[in-house]
1. Hey, if you put +1 on the Cβ of every Lys and Arg and -1 on every Asp and Glu Cβ in the chain, which of S42, L118, Q27 ends up farthest toward the positive end of that dipole?
2. Report the charge-dipole magnitude of the chain in Debye, nearest 20, computed about the Cα centre from +1 at each Lys and Arg Cβ and -1 at each Asp and Glu Cβ.
3. Beyond 17 Å, how much of the Cα-Cα pair distribution for segment 6-65 remains, as a whole percent?
4. Once you list every other residue whose beta carbon is under 14 Å from the beta carbon of L60, what net charge do they have if Lys and Arg are +1 and Asp and Glu are -1?
5. For segment 30-45, take each phi angle, set θ = phi - 60°, evaluate the Karplus expression 6.51 cos²θ - 1.76 cosθ + 1.60, and give the result in whole Hz per residue in order, putting x for glycine and proline.
6. Could you tell me how many degrees, from 0 to 90 and to the nearest 10, lie between the Cα long axis of helix 54-63 and the main elongation axis, the longest principal axis, of the Cα atoms of the chain?
7. Taking the alpha-carbon set of the chain, what are its Rg and Dmax in Å?
8. What does the charge count around E122 come to, taking other residues whose C-beta lies under 14 Å from its C-beta (Lys +1, Arg +1, Asp -1, Glu -1)?
Amino acid sequence: MGWKFNSTRIYVQQLETSNEQIIARLQPLDTGTVLHIFGYDSEKLNLGGLIITTTDEEALVALSKTGLSYTLSGPEGNLGDWFVKSVKTKRNDYSFTKLFDRPLLGCEEPTYQLQMELYIDE
């Protein structure tokens with residue numbers, strides 16, 4: 001099973017997660033640093049890869065405007081529901097659709113580099 005975000009096929013090349021605490025650092029004049037812990041930031045996911053066809057590119061961009069969360073699935077199954085923080089796409093100057101498992105597509109279908117930032121829906 002490949003990668004899909006809300007049923008749109010993505011050929012993932014990069015997957016990076018981020019988990020952070022919210023810590024304020026105070027520097028009093030007469031003592032050392034004082035740390036205040038204010039909880040944690042929810043998990044973030046940076047996903048990079050390729051998408052094929054303008055239809056798939058437009059579908060992913062549209063998800064960044066709905067305010068809804070969508071399911072991300074990969075080879076290991078469902079990875080949860082995620083909000084789309086941002087989607088960046090860049091059209092490639094070349095097409096290499098024959099390298100992928102989409103035999104019904106022609107050789108001239110455009111391919112796009114994709115970068116998405118996703119926030120977990122807890």
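Each value in this text was obtained by applying a stated rule to the coordinates, not by laboratory testing. Keep in mind the model is a prediction, meaning the values are calculated, not measured. Cβ coordinates were reconstructed from backbone atoms using ideal geometry, including for glycine residues, and neighbour counts include every protein chain displayed.
1. L118
2. 260
3. Here the long-distance tail beyond 17 Å is 62 percent of all Cα pairs in segment 6-65.
4. +3
5. 10, 9, x, 5, 10, 9, 10, 9, 10, x, 9, 8, 5, 4, 10, 10
6. 30
7. 19.0, 70
8. Neighbour charge sum, excluding E122 itself: -3.
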